[in-house]
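Peer 1: Here's a structure for you.
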Amino acid sequence: MELSRIAVAGASGLIGSALVRSLAADGHTVVRLVRREPRDETEVRWDPEAGRVDAAGLAGCDAVVNLAGAGVGSRRWTDAYKKRIHDSRVNGTTALAKAVASLDEPPKVFVNGSAMGYYGETGDRVVDEDSPAGQGFLPELCVEWEGAAAPAQQAGVRTVFTRTGLVVGRGGGAWGRLFPLFQAGLGGRMGDGTQYWSFIALHDEVAAIRHLLETDGLSGPFNLTAPDPLTNREITEAMGRVLHRPTLFAVPAPVLRTVLGEMAGDVLGSARVRPTRLLESGFTFAFPDIEGAIRAA
């Protein structure tokens, strides 16, 4: 499908900024959603937590990509911050979906962010897009987050949900914090290290989003994770090999729970997620293994 004008919410984040660079490099016009007064016609005013967006600014867009949301790992999960995590995603998605549906000529596709947190704790069990949602804050959030896109779906807009794993990139997210620790020789496993971490290289994350944008007929949830998840222990060892640093330090589970509070469950939890639908759609990973993903970052 030919696209030319693409609106992106969350354009300043790790994934959003990389996606914007990729789209712009190929000649697409990118319309950024911003919280301040727009500077020109390539910016649209919105307030995701308040659920407000200037729908008129989306007119003429061929696609809308929503990657906005307060960082899940940015700070301790107080009740107030959990509300911010929720509202920035659910209210923002609702506003965008309603804006898309209200247009006389809506965009061809709406790609809405989601997360592998949808599946919750999976242990050693492999899950894919056909697996049910888990239990707890993140799974319940993801279900509501995806459900908030209903107005766009009901308007006949092809709607895609990107259930993203742990993105291996230097500019933010989990790896944005891990790289400095490992480079300083302070890296190590978390807890007993047996929990599965489903990762994806930032390059592949962007390529997958573009694949979903540009391929007609693809809709619904897609897991954006590398084909073979690894344990935290295996990833720790790979970080040490690639960065040529020792990985002697380990953070015991009780310490993580004391420091991180409820968020520690996300770090210590196991998510063995496979991208079945993405692979079936014909997508090819450039960096399917962890060492390649680390080197690419």
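The values are calculated or read from the model by the stated rules, or taken from the named source; none is laboratory data. Please read all numbers here as calculations on a predicted model, not as lab measurements. Because the Cβ atoms are built from the backbone with ideal geometry, glycine has one as well, and the counts that use them run over all protein chains shown. When the accessible area is computed, the model is the full protein with side chains, heavy atoms only, and any ligands, DNA or RNA have been set aside. Shrake-Rupley method; radii C 1.70, N 1.55, O 1.52, S 1.80 Å.
Peer 1: Anything in the stretch 93-105 that is open to solvent by less than 50 Å² (accessible area, probe 1.4 Å) and outside any loop (DSSP other than H, G, I, E, B)? List them, or say none.
Peer 2: Those that are open to solvent by less than 50 Å² (accessible area, probe 1.4 Å) and outside any loop (DSSP other than H, G, I, E, B): THR93, THR94, ALA95, LEU96, ALA97, ALA99, VAL100, ALA101.
Peer 1: Could you check how many residues of the stretch 153-190 are under 17 Å from ALA271 (Cβ atoms) and in contact with a strand residue (DSSP E or B) (Cβ under 7 Å, 6 or more places away or on another chain)?
Peer 2: 12
Peer 1: Taking the options VAL64, VAL90, name whichever one is open to solvent by less than 40 Å² (accessible area, probe 1.4 Å) and in a strand (DSSP E or B).
Peer 2: On inspection, the qualifying residue turns out to be VAL64.
Peer 1: Then there's this: Residue pairs, Cβ under 6 Å, 6 or more apart or interchain, first in the stretch 267-291 and touching a residue at least 60 places away in the same chain (Cβ under 8 Å), second open to solvent by 60 Å² or more (accessible area, probe 1.4 Å) and of a type outside the set (Asp, Glu). List them.
Peer 2: From the stretch 267-291, the pairs are ARG272/VAL126; ARG274/VAL126; ALA286/HIS203.
Peer 1: Could you list, in sequence order, the residues of the stretch 213-240 that are within 21 Å of GLY16 (Cβ to Cβ) and either touching a helix residue (DSSP H, G or I) at 6+ places or on another chain (Cβ under 8 Å) or not in a helix (DSSP H, G or I) (or both)?
Peer 2: Of everything in the stretch 213-240, those that are within 21 Å of GLY16 (Cβ to Cβ) and either touching a helix residue (DSSP H, G or I) at 6+ places or on another chain (Cβ under 8 Å) or not in a helix (DSSP H, G or I) (or both) turn out to be THR215, LEU218, PRO221, PHE222, ASN223, LEU224, THR225, ALA226.
Peer 1: May I ask you to list the residues in the stretch 1-16 that are more than 15 Å from THR42 (Cα to Cα) and open to solvent by 20 Å² or more (accessible area, probe 1.4 Å)?
Peer 2: If the condition is that a residue be more than 15 Å from THR42 (Cα to Cα) and open to solvent by 20 Å² or more (accessible area, probe 1.4 Å), then MET1, GLU2, GLY13, LEU14, ILE15 are the ones that fit.
Peer 1: A follow-up question, please. What single numbered condition from (1) under 19 Å from ARG158 (Cα atoms); (2) outside any helix (DSSP H, G or I); (3) at pLDDT 95 or above fails to hold for GLU2?
Peer 2: It is condition (3) that GLU2 fails.
Peer 1: Still on this structure: Of all residues in the stretch 116-142, count the ones that are part of a helix (DSSP H, G or I) and within 16 Å of GLN195 (Cα to Cα).
Peer 2: 3
Peer 1: Would you pick out the residues in the stretch 151-160 that are under 28 Å from PRO227 (Cα atoms) and open to solvent by 10 Å² or more (accessible area, probe 1.4 Å)?
Peer 2: ARG158, the sole residue that qualifies.
Peer 1: May I pose another question? Can you name the number of the only condition in (1) among the charged types (D, E, K, R); (2) more than 19 Å from THR94 (Cβ to Cβ); (3) buried (at least 16 other Cβ atoms within 10 Å of the Cβ) that GLU49 fails?
Peer 2: Failing condition for GLU49: (2).
Peer 1: Filter the stretch 171-188 down to the residues that are part of a loop (DSSP other than H, G, I, E, B), more than 21 Å from VAL72 (Cβ to Cβ) and open to solvent by 30 Å² or more (accessible area, probe 1.4 Å), then identify the one that is modelled with the highest pLDDT.
Peer 2: ALA184
Peer 1: Here's something else I'd like to know. Hey, among ALA80, ALA70, which residue is among the aliphatic types (A, V, I, L, M), assigned to a loop (DSSP other than H, G, I, E, B), without any contact (Cβ under 8 Å) to a residue 40 or more places away in the chain and closer than 23 Å to ALA174 by Cα?
Peer 2: ALA70
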